[in-house]
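A.B. asks: Structure incoming, see below.
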Amino acid sequence: MIAEEKKQQLLTVIAQLEDEAAFDKIEAMVQDVLHPQRQRGKAGFLRGSVSYMVDNWDAPLTDWKHQHE
């Protein structure tokens, strides 16, 4: 839906090509479509999502690579 609206905006701007500002608008719109800004998550948005944690979670890991040879 949003992509279709942006496409229509782009076509409208292209139809109105009369000056350098229009070219700048097109470039900005194309860049926005090709490289959209990612929204970052807010701090703490995953709070409470860990349902289980083993008691020794900070214990050294075993050398599993040598166990499977």
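The values are calculated or read from the model by the stated rules, or taken from the named source; none is laboratory data. All values derive from a computational prediction rather than experimental measurement. Here the Cβ is made from the backbone with ideal geometry for all residues, glycine too, and neighbour counts use every protein chain on show. We work out accessible area using only protein heavy atoms, side chains counted, and drop any ligands, DNA or RNA first. Shrake-Rupley method; radii C 1.70, N 1.55, O 1.52, S 1.80 Å.
A.B. asks: Work out the charge dipole of the chain with +1 on the Cβ of Lys and Arg and -1 on the Cβ of Asp and Glu about the Cα centre, then indicate which of Leu10, His35, Trp57 is farthest towards its positive end.
C.D. replies: So the residue we want is Trp57.
A.B. asks: Rolling a 1.4 angstrom probe over the protein heavy atoms, how many square angstrom per residue are accessible across the chain?
C.D. replies: Per-residue value: 105 Å².
A.B. asks: Step through the residues of the range 49-59 one at a time and calculate ³J(HN,Hα) from phi using the Karplus curve (6.51 cos²θ - 1.76 cosθ + 1.60, θ = phi - 60°), rounding each to whole Hz and writing x for Gly and Pro.
C.D. replies: Taking θ as phi minus 60°, the curve returns 7, 7, 9, 8, 9, 5, 4, 9, 4, 9, 6 Hz for the range 49-59.
A.B. asks: What are the extents of the Cα atoms of the chain along their three principal axes, in Å, largest first?
C.D. replies: 69, 35, 21
A.B. asks: Also, quick follow-up: When the accessible area of the chain is computed with all protein chains present and a 1.4 Å probe, what percentage of it is carbon and sulfur?
C.D. replies: That fraction is 56 percent.
A.B. asks: How much length, in nm to one decimal, is gained on full extension between Gln31 and Leu46, taken as 0.36 nm per residue of separation minus their Cα-Cα distance?
C.D. replies: Full extension from Gln31 to Leu46 adds 2.3 nm.
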